[in-house]
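Participant: Please find one structure pasted underneath; my questions will follow.
Read-outs: derived from the displayed coordinates by stated rules, not from any lab. The model shown is predicted, which means the values in this text are computed figures rather than measured ones. Cβ coordinates were reconstructed from backbone atoms using ideal geometry, including for glycine residues, and neighbour counts include every protein chain displayed.
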């Protein structure tokens with residue numbers, strides 16, 4: 001749930017960090033699975049930002065609508 | 001009094017005649033259009049003004065006419081030369097002759113126009129505004145903002161009815177990749193006198209919701225090339241420059257860029273182009289996400305392969321190591337076996353040496369013993385020799401036997417018995433008498 005509040009650039013930065021850790025061999029095999037899972041979730045989050053709505057914006061759009069009606 | 005009076009018409013006719021005589025020529029005149037309209041028959045009626053230096057008040061004003069026969073030529077000429085139509089607010093240089101009509105009063109009859117003056121004038125004004133924005137340090141402000149990676153929340157400033165707006169919305173909502181855009185229209189008048197204020201007002205409204213948007217799009221329906229003056233105005237551009245979100249323009253004109261195009265974060269030609277640009281931004285972002293996905297997969301694949309290779313290598317390395325270790329131990333064992341053997345045999349040899357030594361010892365001891373004994377025997381023999389009857393005999397003693405028994409008393413014999421006397425030199429047989 002905490003990840004939902006990450007911005008796109010924060011998520012990308014986190015992904016890049018993981019990629020770098022794997023690339024430079026900093027990660028040992030025991031950690032690998034967990035980090036890969038984390039990266040995959042972050043990637044999913046990033047993608048969702050392209051395709052999905054957030055409640056936040058829906059709300060503000062509604063607010064604006066009602067303001068207009070007034 | 002009555003005789004001296006003339007009719008109004010007569011007076012005005014005299015004015016007309018006097019003017020014709022004293023101002024018989026045409027003049028090139030510079031003025032600003034404050035009003036312009038074209039009637040159904042193609043005649044163009046204008047109001048021309050001249051403002052004072054501070055542009056706050058009008059110091060001259062006149063009606064002017066471009067008859068349809070002239071207007072048909074002048075209008076396209078002006079438009080193709082300047083890229084804009086004759087419209088209120090622009091300065092023009094026209095060839096005009098003053099005319100006076102009894103009924104319609106004073107006006108200028110325009111017969112020609114010099115578009116390059118307007119161009120020059122516009123360029124000068126434009127440059128002045130650009131310089132001012134630069135001097136004030138705001139010119140590059142919007143352009144130096146960063147557009148976020150997913151500019152999907154869009155505040156659109158446009159006129160509600162603009163054809164370009166519908167295209168824009170359609171293109172975004174039906175993008176082939178399925179990206180989701182949030183588009184909110186902030187309506188504004190995009191041309192005419194009110195445009196500047198209207199657009200500024202719309203920007204202010206967007207500003208109130210700043211955090212909910214990624215980008216502001218200024219679009220204007222295509223078609224008419226006329227009246228971009230609001231996009232060249234100082235105040236509108238001052239607002240665009242300082243707007244905290246990137247502003248994209250799609251004002252839809254082919255001619256020189258407006259100042260708004262220059263100060264905006266990005267200038268695109270048409271609303272459609274703006275939509276394409278925004279979609280391409282998301283596309284790029286998706287590509288970079290996909291690239292990272294691929295990267296992740298590759299890295300993990302490589303990592304797993306490397307690790308398993310390492311395992312295999314370790315196992316391979318282990319085999320000879322084990323073999324070596326085993327053979328090493330085997331040879332140690334062998335050596336130890338050999339050592340054992342040799343030390344055992346040494347021990348045996350040693351022990352057997354001991355044995356032989358002992359045997360020798362024993363033999364020696366036996367021999368010694370024997371020799372000792374033999375010596376003793378010798379001594380005894382020697383001693384005995386003194387007792388040897390033979391030796392005693394030798395010394396003159398004799399022994400006498402009777403029937404093989406030593407005679408120790410004469411009573412042991414009777415006469416006639418034969419006795420044997422043993423002497424050293426032999427035996428003498430004698431008969432007892």
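Participant: For the stretch B:344-417, what is the largest minus smallest coordinate of the Cα atoms on each principal axis, given in angstrom and ordered from greatest to least?
Facilitator: Ordered largest first, the stretch B:344-417 gives principal extents of 86, 24, 13 Å.
Participant: Moving on. Cα axis of helix B:163-173 to longest principal axis of chain B: angle in degrees, 0 to 90, nearest 10?
Facilitator: Orientation of helix B:163-173: about 20 degrees from the principal axis.
Participant: What is the diffusion coefficient of the stretch B:305-430 in µm²/s, taking the Kirkwood radius over Cα pairs and the Stokes-Einstein relation at 37 °C with a viscosity of 0.692 mPa s?
Facilitator: Answer, rounded: 139 µm²/s.
Participant: If each residue of separation counts as 0.36 nm, what is the full-extension length gain between residue B:364 and residue B:401 once their alpha-carbon separation is subtracted?
Facilitator: 8.7 nm
Participant: If you count, for every residue in B:148-154, the Cβ atoms of partner chains within 10 Å of its Cβ, what is the mean?
Facilitator: 4
Participant: While we're here: If each of residue A:13 and residue B:294 carries a label point 7 Å out from its Cα toward its Cβ, how far apart are those two points in nm?
Facilitator: 2.7
Participant: Still on this structure: Helix B:8-22 versus the longest principal axis of chain B: what angle, 0 to 90°, nearest 10, using Cα atoms?
Facilitator: Taking the Cα atoms of chain B, the angle to B:8-22 is about 60 degrees.
Participant: Additional query: So, R0 is 41 Å and r is the distance between the beta-carbons of residue B:104 and residue B:131; what FRET efficiency does that work out to, to 0.05?
Facilitator: That pair, residue B:104 with residue B:131, gives E of 0.40.
Participant: Right, here's the next one. For chain B, set up a Gaussian network in which alpha carbons nearer than 10 Å are linked by springs, and say which option among B:380, B:12, B:245 fluctuates the most.
Facilitator: B:380
Participant: What nm value, rounded to one decimal, do you get for the distance between residue B:6 and residue B:420 when each label is placed 7 Å out toward the C-beta?
Facilitator: Distance between label points: 23.5 nm.
Participant: Considering only DSSP beta bridges where both residues belong to the protein assembly as shown, give the percentage that are antiparallel (nearest 5).
Facilitator: 65
Participant: Now, a different point. With each pseudo-label sitting 7 Å past Cα toward Cβ, what's the residue B:322-residue B:235 distance in nm, one decimal?
Facilitator: 8.9
Participant: Still on this structure: On average, how many beta carbons from a partner chain sit within 10 Å of the beta carbon of a residue in A:29-35?
Facilitator: That average works out to 2.
Participant: How many Å³ per residue does the convex hull of the Cα positions in the stretch B:138-283 occupy?
Facilitator: 92
Participant: Take the alpha-carbon centre of the stretch B:300-339, take the same for the stretch B:81-131, and report the distance between them in whole Å.
Facilitator: 98
Participant: Right, next: Out of the DSSP beta bridges found with both residues in chain B, what percent are antiparallel (nearest 5)?
Facilitator: Taking every DSSP beta bridge with both residues in chain B, the antiparallel ones total about 65 percent.
Participant: Can you give the helix-only mean residue ellipticity at 222 nm for the protein assembly as shown, where every DSSP H stretch with n ≥ 4 adds -39500 (n - 2.57) and the sum goes over all residues, rounded to the nearest 500 deg cm²/dmol?
Facilitator: -18500 deg cm²/dmol
Participant: Treating the angle as unsigned and between 0 and 90°, give the value, to the nearest 10°, between the Cα long axis of helix B:115-135 and the longest Cα principal axis of chain B.
Facilitator: Approximately 40 degrees, to the nearest ten.
Participant: What ranking, highest mean first, results for peptides B:26-36, B:53-63, B:399-409 when packing means the other Cβ atoms within 10 Å averaged over each residue?
Facilitator: B:26-36, B:399-409, B:53-63
Participant: GNM on chain B, C-alpha springs below 10 Å: top fluctuator among B:102, B:257, B:85?
Facilitator: Of B:102, B:257, B:85, the Gaussian network model singles out B:102 as fluctuating most.
Participant: Once R0 is set to 35 Å, what does the formula 1/(1 + (r/R0)^6) return for the Cβ-Cβ distance between residue B:351 and residue B:330, expressed as a FRET efficiency to the nearest 0.05?
Facilitator: It comes out at approximately 0.70.
Participant: Using a Förster distance of 22 Å, how high is the FRET efficiency between residue B:37 and residue B:163, based on the Cβ-Cβ distance and rounded to 0.05?
Facilitator: Taking R0 as 22 Å, the efficiency between residue B:37 and residue B:163 is 0.35.
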